[in-house]
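What follows is a set of notes on a single structure, which appears directly below.
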Amino acid sequence: MIEDKAALKKLEDALSENYGWAMHLGTREKITAAVLKKSSRLKVAADQYCLLAASSSSELLSLVEEIAVSETFFFREPQQYDFLRSTVLPELFENFAKRETISRDDRIRMWSAACSTGEEAYSLAIACNQVNPKCNSSNVEVFATDVRNRALLEASRAKYQLPALRRCDAETRETYFENFYNPPEAPLDSRYTVVANARRLVIFRRANLMDGMFWKGVNNRFELILCANVPMYLHPVALRQIIERLSRSLRPGGYLMVAPAETSLIEHPRLKLIKEGEGFFQKQ
Ligand SMILES: C[S@@+](CC[C@H](N)C(=O)[O-])C[C@H]1O[C@@H](n2cnc3c(N)ncnc32)[C@H](O)[C@@H]1O
């Protein structure tokens with residue numbers, strides 16, 4: 001039991017301020033469960049633990065590692081990847097090929113912002129390879145970030161179980177995953193690895209989307225940003241700030257993809273909705 005509601009509120013406020021999270025009922029329940037577990041492990045009162053975590057950035061992050069909604073899987077919204085393959089990626093490759101001067105540092109830069117355990121970033125890398133089998137790390141970079149260290153460790157290991165591949169069509173599974181057996185015979189805990197061609201395109205880094213310093217380094221940098229299944233968890237002030245920063249991080253003509261269910265959350269004068277209800281915006 002957390003008796004001191006003011007202590008709990010202090011912890012919730014710290015999570016909102018530092019990570020941008022809105023306090024929904026489900027989030028509150030997860031916070032309470034994590035506080036009870038951690039305080040009993042540390043043998044301190046739950047109220048005391050709330051105050052301690054609210055004022056310690058490392059303890060706050062360790063709570064985030066436990067509480068954050070982490071669900072993700074390959075090709076989560078297949079119709080969005082169809083649009084990426086049919087329209088967005090061919091245009092990015094075409095524009096890149098048309099550049100008059102290409103320096104050694106030039107790439108088509110894409111970003112999976114809040115990539116969790118990596119499925120979204122690898123799906124994008126696979127889609128790039130499907131559109132242009134010759135693409136490699138000298139012309140494409142999929143930058144992938146998340147706030148949770150544990151998720152990033154799993155992402156860089158790139159070992160997945162069958163349920164994470166549930167939206168992959170058979171051809172994609174066979175071409176882009178190793179150790180793949182026919183689903184009926186494969187035990188559920190089988191591990192599948194993304195092939196090196198796609199893995200090589202992805203770079204993982206830790207970043208908190210509420211960290212102003214991080215954004216300074218990514219102004220005008222990306223041709224495509226995927227920020228899906230994150231806006232829905234943010235409070236309005238954080239959401240507005242992050243949308244503004246996402247917009248600034250896109251190059252003119254660049255694309256932003258959010259989850260279809262998040263389409264109506266994105267309002268920005270420079271981000272034009274290009275597919276009704278499908279989560280795609282283009283920077284004007
Ligand atoms: C539901 S997952 C979405 C994963 C993936 N984008 C997708 O759509 O499948 C949400 C992710 O956002 C991350 N996250 C939450 N708050 C964040 C923040 N302030 N900065 C960076 N990542 C954050 C969580 O750690 C989690 O991995």
Pull out the extension gain between Ser55 and Lys9, defined as 0.36 nm times the separation in residues minus the alpha carbon to alpha carbon distance; nm, one decimal.
15.3 nm
Calculate the FRET efficiency for Ser70 and Glu100 from the Cβ-Cβ distance with a Förster distance of 35 Å, rounded to the nearest 0.05.
0.20
Site Thr175, offset 7 angstrom along Cα→Cβ, radius 16 Å on amide nitrogen, limited to region 87-120, gives 87, 89-90
Over 29 Å between Cα atoms, which of Lys134/Lys283; Lys159/Lys275; Lys9/Lys275; Lys30/Lys275 qualify?
Lys159/Lys275; Lys9/Lys275; Lys30/Lys275
Mean Cβ neighbour count within 10 Å, used as a protection proxy, ranking 34-44, 237-247 highest first
237-247, 34-44
Ranked output for segments 276-283, 51-58 by mean other Cβ atoms within 10 Å, highest leading, reads 276-283, 51-58
Descending packing, highest mean Cβ count within 10 Å first, for 120-128, 101-109 is 120-128, 101-109
Residues with amide H under 5 Å of Tyr192's amide H, sequence separation 5 or more or different chain, H placed in the peptide plane at 1.01 Å from N; which?
Tyr160, Gln161
In nm, what is the difference between 0.36 nm times the number of residues separating Glu29 and Val195 and their Cα-Cα distance?
55.9 nm
What net charge do the residues around Ala238 carry, taking every other residue with its C-beta under 13 Å from that of Ala238, with Lys and Arg at +1 and Asp and Glu at -1?
-2
Rough spin-label spacing in nm, given labels placed 7 Å along Cα→Cβ, for Val131 and Lys43:
5.7 nm
Quick check: pseudo-label points 7 Å beyond the Cα along Cα→Cβ at Asn149 and Asp82, how many nm apart are they?
4.2 nm
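Can you tell me the relative contact order of region 78-283? Whole percent, Cα pairs under 8 Å, sequence separation 6 or more.
20 percent
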Around Phe75, which amide H atoms from residues at least 5 apart in sequence, or from another chain, sit under 5 Å from its own amide H, with H modelled in the peptide plane?
Ser123
Jot down the per residue volume, in cubic angstrom and as a whole number, of the convex hull over the alpha-carbon atoms of region 78-283.
124 Å³
Each label point is 7 Å from the Cα along the Cα-to-Cβ direction; what then is the distance between the points at Lys275 and Arg206, in nm?
3.4 nm
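Readers should treat all values here as calculations from the given coordinates under stated rules, not as data from a laboratory. None of these values were measured; they are calculated from a predicted model. Cβ coordinates were reconstructed from backbone atoms using ideal geometry, including for glycine residues, and neighbour counts include every protein chain displayed.
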